[in-house]
Structure formats: structure tokens, C-alpha cells
Amino acid sequence: MSRRTVFLFLLATLAPAAGSALSPEAREGQALFPACHVCHDPTLAPPLGPPMWGVQRRYRNASLDKEDFVERIVAFVKAPSLEQALMTPAVERLGLMPALPLPDDMLHKIAAYIWEADFAPPCEHWRNAARWAESTGDAAHAAHDARMLQRFCSGRP
Ligand code: HEC
């Protein structure tokens with residue numbers, strides 16, 4: 001085989017795995033995720049929780065690694081507190097999330113899924129939020145949502 005053929009062969013075998021592969025643990029977490037999605041569904045208007053796209057981003061930024069991320073998510077879901085909360089605008093608008101007393105192993109799997117998942121940017125959520133912020137005269141939030149839309153959603157329906 002030529003070098004080029006080898007390269008194309010490798011590309012063909014690797015490509016399908018690259019996008020969608022979840023670890024077995026995260027796949028189990030995905031099956032349990034509807035317990036969170038009921039509130040974290042980004043298409044709800046008005047929203048019942050912040051879209052997981054943003055939660056994942058904030059928690060990834062605040063965490064050292066996957067293990068730290070999972071521990072932080074599990075700790076928050078078991079006992080939400082203002083001290084730990086990172087999603088300040090969501091807390092201000094919706095109040096603190098209620099504690100969900102699910103077994104630890106389930107929460108670990110769900111958190112592993114949230115770490116690995118490829119959530120779509122919540123464009124519809126930002127559009128609704130921008131409109132809502134404008135109608136209530138909240139210029140700072142309207143501008144923030146407009147920036148997010150421009151940055152992550154240009155060209156998306
Ligand atoms: C009854 C609705 C509801 C359900 C069910 C729910 N959440 Fe939430 N969640 C919220 C709300 C509202 C917020 C925003 C307020 C806050 O941050 O406490 C939130 C925020 C969060 C945050 C960010 C906390 C922060 O501010 O740092 C995490 C992490 C989270 N949820 C994880 C989960 C997971 C995991 C599940 C499923 C096991 C889940 N939630 C189920 C309503 C819900």
C-alpha cells in the first residue's frame with residue numbers, strides 16, 4: 001500500500017469513532033439523562049433550567065479534569081448551594097435547583113455523560129432570552145445573549 005492509501009484507510013476507520021463515541025459509563029448516563037432534561041431542555045420557553053451546553057462549559061472551565069468535573073456535578077445535584085453555584089444568572093431568575101436524591105452511581109454516570117456529550121449550542125434558548133431581556137428592559141442580558149447568538153449560532157436555524 002502507498003502512504004496515501006494507508007492514510008486514507010486509517011482516516012476511514014477512525015472517522016466514525018471520532019464524533020460520537022461515548023464511554024460505556026457515559027452511554028448509561030445518557031439513558032438516565034431525561035431525569036435532567038425535563039428542566040434543562042434548551043427549547044423550553046420559559047426555561048426551567050439553564051441549557052446543559054452552558055453548564056458543561058462553566059463546569060469544564062472550573063474543573064481540573066474529568067474526575068473533578070464529575071465530583072462537582074454530583075455534589076451540586078445532591079445538595080445545591082449558593083456557595084457552589086456557578087450559573088449565577090440562572091439562580092437569579094429561576095432560584096436554586098432542587099436537590100435530586102438519586103443514587104451516587106447513577107449521578108456519576110450522568111455526570112460522565114455531561115462531560116463527554118456534544119451538546120448543540122442552545123440557539124433557540126438565546127433567541128428567547130434575548131427577546132425576554134429586551135422586553136423587560138434588561139439591556140445587559142439582551143446584549144450578552146445577542147453576543148452568544150452571533151458567536152455560536154450564525155448560520156444556524
Ligand atoms: C426541577 C428542575 C430541574 C431538574 C429535574 C434538574 N435541574 Fe439542574 N438546574 C435547575 C435549575 C433551575 C438550575 C439553575 C439554578 C442553579 O444553578 O441552582 C439548575 C442548575 C444545574 C447545574 C448548575 C449549578 C450551578 O449553578 O453551578 C447543574 C450542574 C445541574 N443543574 C445539574 C443537573 C443534573 C445532573 C440533573 C439531573 C440529574 C438536573 N440538574 C436536574 C433545575 C433542574
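The values are calculated or read from the model by the stated rules, or taken from the named source; none is laboratory data. Just so you know, these numbers come straight off a predicted model, no measurement behind them. Heads up, the Cβs are rebuilt from the backbone with ideal geometry, glycines too, and the neighbour counts pull from every protein chain shown. In case anyone asks, the SASA skips ligands and DNA or RNA and just uses the protein heavy atoms, side chains included. Shrake-Rupley method; radii C 1.70, N 1.55, O 1.52, S 1.80 Å.
When the accessible area of the chain is split by element with a 1.4 Å probe, what percent falls to carbon and sulfur?
Carbon with sulfur: 61 percent of the solvent-accessible area.
Heavy atoms of the protein only, probe of 1.4 Å, neighbouring chains included. What is the accessible area of Arg60 in Å², nearest 10?
For Arg60, the solvent-accessible surface is approximately 100 Å².
Can you send over the solvent-accessible area of Phe152, 1.4 Å probe, protein chains only, in Å² to the nearest 10?
It works out to around 50 Å².
Could you calculate the contour length gain from Asp41 to Leu82, that is, 0.36 nm times the residue separation minus the distance between their Cα atoms, to one decimal place in nm?
Between Asp41 and Leu82, full extension yields 12.5 nm more.
How far is the Cα center of region 35-83 from the Cα center of region 95-157, in Å?
So the two Cα centres are separated by 10 Å.
Restricting to DSSP H runs of at least four residues, report the calculated mean residue ellipticity at 222 nm for the chain, -39500 (n - 2.57) per run over all residues, nearest 500 deg cm²/dmol.
Rounded to the nearest 500, it is -21000 deg cm²/dmol.
Excluding Tyr59 itself, calculate the net charge of residues whose Cβ lies under 10 Å from the Cβ of Tyr59, where each Lys or Arg counts +1 and each Asp or Glu counts -1.
Charge balance near Tyr59 sits at +3.
Working out 0.36 nm times the residue gap between Glu134 and Ala21, then minus their Cα-Cα distance, what length gain in nm do you get to one decimal?
Result for the pair: 36.7 nm of gain on full extension.
Rounded to the nearest 10 Å², what accessible area does Leu32 show when all protein chains are kept and the probe is 1.4 Å?
Accessible area of Leu32: about 50 Å².
Between the helical axis of 52-62 and the dominant principal axis of the chain, each derived from Cα atoms, what acute angle in degrees is found, rounded to the nearest 10?
80
Any idea what the dipole of the chain comes to, in debye rounded to 20, about its Cα centre with Lys/Arg Cβ at +1 and Asp/Glu Cβ at -1?
Once rounded to the nearest 20, the dipole reads 680 debye.
Under 4.7 Å Cβ to Cβ, no partner at all: give me those cysteines from the chain, in residue order.
Cys36, Cys39
In terms of the Cα gyration tensor, with a ≥ b ≥ c the square roots of its eigenvalues, is the chain rounded because a/c is under 1.5, prolate because a/b exceeds b/c, or oblate?
Judged from the Cα gyration tensor, the chain comes out oblate (a/c at least 1.5, b/c at or above a/b).
Take the alpha carbon gyration tensor of region 32-124, find the square roots of its eigenvalues, order them as a ≥ b ≥ c, and report rounded if a/c is under 1.5; if not, report prolate when a/b exceeds b/c, else oblate.
Rounded, because the longest to shortest axis ratio a/c is under 1.5.
Helix 66-78 versus the longest principal axis of the chain: what angle, 0 to 90°, nearest 10, using Cα atoms?
Here the helix axis deviates by roughly 30 degrees.
Could you do me a favour and compute the accessible area per residue for the chain, 1.4 Å probe, result in Å²?
64
How much FRET efficiency would the formula 1/(1 + (r/R0)^6) give for Lys66 and Ala99, where r is the Cβ-Cβ distance and R0 is 25 Å, rounded to 0.05?
FRET efficiency, Lys66 to Ala99: 0.60.
Normalised by the residues of the chain, what does the relative contact order come to in percent, with Cα pairs under 8 Å and at least six apart?
27
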